[in-house]
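Here the structure comes first, spelled out in structure tokens, and everything after it is commentary.
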4 protein chains.
Amino acid sequence: MAERDWEQFHSPENLAKSVAIEAGELLECFQWDAAGDRDEVADELADVLTYALLLADRLDLDPEQIIRTKLKRTGEKYPVEKAKGRSTKYDRL
Amino acid sequence: MAERDWEQFHSPENLAKSVAIEAGELLECFQWDAAGDRDEVADELADVLTYALLLADRLDLDPEQIIRTKLKRTGEKYPVEKAKGRSTKYDRL
Amino acid sequence: MAERDWEQFHSPENLAKSVAIEAGELLECFQWDAAGDRDEVADELADVLTYALLLADRLDLDPEQIIRTKLKRTGEKYPVEKAKGRSTKYDRL
Amino acid sequence: MAERDWEQFHSPENLAKSVAIEAGELLECFQWDAAGDRDEVADELADVLTYALLLADRLDLDPEQIIRTKLKRTGEKYPVEKAKGRSTKYDRL
């Protein structure tokens, strides 16, 4: 990456836009039917992950740690006894 | 996750939708100005990563490997000597 | 549209996915710089609008009326005297 | 809108981001199941349309005309005799 001088385009905002753009392409694998082609999904998922990790790096965020922190908070919002087998949003439980 | 029986909602399609939804929330941190609040970004980025990794897991894809494969292909499409310091799409180089 | 038998793919969910996918392509016009090419923007914007209007039609929603209803509610959430010249979200005003 | 001085935030780029953000919220109505709540869909669809129309206005684009132009082009790419009853992308027909 460095050898192509691309960091100049990688503002946090541009990276967030890129994550959204690639997420749209990932979704396109499932546009008209629920079974996406695995190779195409792998390809688009790789793009989402790449930009997401570049954004984490740009803001000095540790991907594993922010995931753990968020999961912990989700765990508190959706207690097992209430959330089991449901997809209801936490504020409606 | 398992203890909440949530796997039933985690079809690849639902996970791809979730990645796109969370990517929209991540982008919202930058909706009206280019500097997003770091904590909010961390929070939304964690959601994007969580669903992206759940999707990889669901399809038995190794995140690191699909990223490497994709970067390798990108490297071939954007040779250093041509792409240096540019954001031009590869088919216009 | 009818003559191609495409209604079968146009479930509300598929149309919502399509709106999101096209919104990603619209955003791509602004991925690396703030000035998008007007013709490309017109093209992608047309796709967003087309799917959004198909979804309205599918659910028997009148586009003009839902826009007016929503704007009225926004007007109540952002009183002129408070919101003037700000982009603050209403729950922080 | 004018009375709140919000035009200053309405650069084409910010509006395109807003369309994508609202498209994500629209998709959220269908996140875990295919049947979205009609009122919530109406609400989010109104936001998508509002920002899409503001963007058209900002770039002096006539919504109806760009839709017609695009549909005409789609019609040429997907001839009735080939596309009938299929969701295949045009370059694979």
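The values are calculated or read from the model by the stated rules, or taken from the named source; none is laboratory data. Predicted model only: the values in this text are computed from it and were never measured. In this analysis, Cβ positions are derived from the backbone assuming ideal geometry, glycine residues included, and neighbour counts consider all displayed protein chains. Heavy atoms of the whole protein, side chains included, go into the accessibility calculation; ligands, DNA and RNA do not. Shrake-Rupley method; radii C 1.70, N 1.55, O 1.52, S 1.80 Å.
Defining the label point at 7 Å along Cα→Cβ, can you sort the distances from A:Leu71 to the same site in each other copy, shortest first, in nm?
Distances to the matching label points in the other copies: 2.3, 4.6, 4.8 nm.
List, in order, the whole-Hz ³J(HN,Hα) value for each residue of segment D:57-68 obtained from phi through the Karplus relation with A = 6.51, B = -1.76, C = 1.60 and θ = phi - 60°; use x for Gly and Pro.
4, 4, 9, 6, 9, 8, x, 4, 5, 5, 5, 4
Between B and A, which B residue has the Cβ nearest their rotation axis, distance in Å?
Spelled out as residue then distance in Å, it is B:Ala23, 2.
Mind giving me the nanometre distance, one decimal, between the label points for A:Asp57 and B:Glu7, set 7 Å out from Cα along Cα→Cβ?
3.4 nm
To the nearest 100 Å², how much accessible surface do chains A and C hide from each other in total, with a 1.4 Å probe?
For A against C, buried area totals roughly 1400 Å².
Once phi is turned into ³J(HN,Hα) by the Karplus curve 6.51 cos²θ - 1.76 cosθ + 1.60 with θ = phi - 60°, what whole-Hz value does each residue of segment A:30-35 show in order, with x for glycine and proline?
Couplings: 10, 4, 10, 8, 6, 9 Hz.
Which whole-Hz couplings ³J(HN,Hα) result when phi for each residue of segment A:36-46 is put into the Karplus expression 6.51 cos²θ - 1.76 cosθ + 1.60, θ = phi - 60°, listed in order with x for Gly and Pro?
Once rounded to whole Hz, the list reads x, 5, 4, 5, 5, 4, 4, 5, 6, 4, 4.
Obtain the radius of gyration and the Kirkwood radius of segment B:1-73 from its C-alpha atoms and give Rg over Rh. Provide the component values of the computation, followed by the final result.
On the way: Rg = 14.3 Å, Rh = 13.7 Å.
Reported Rg/Rh, Kirkwood definition of Rh: 1.05.
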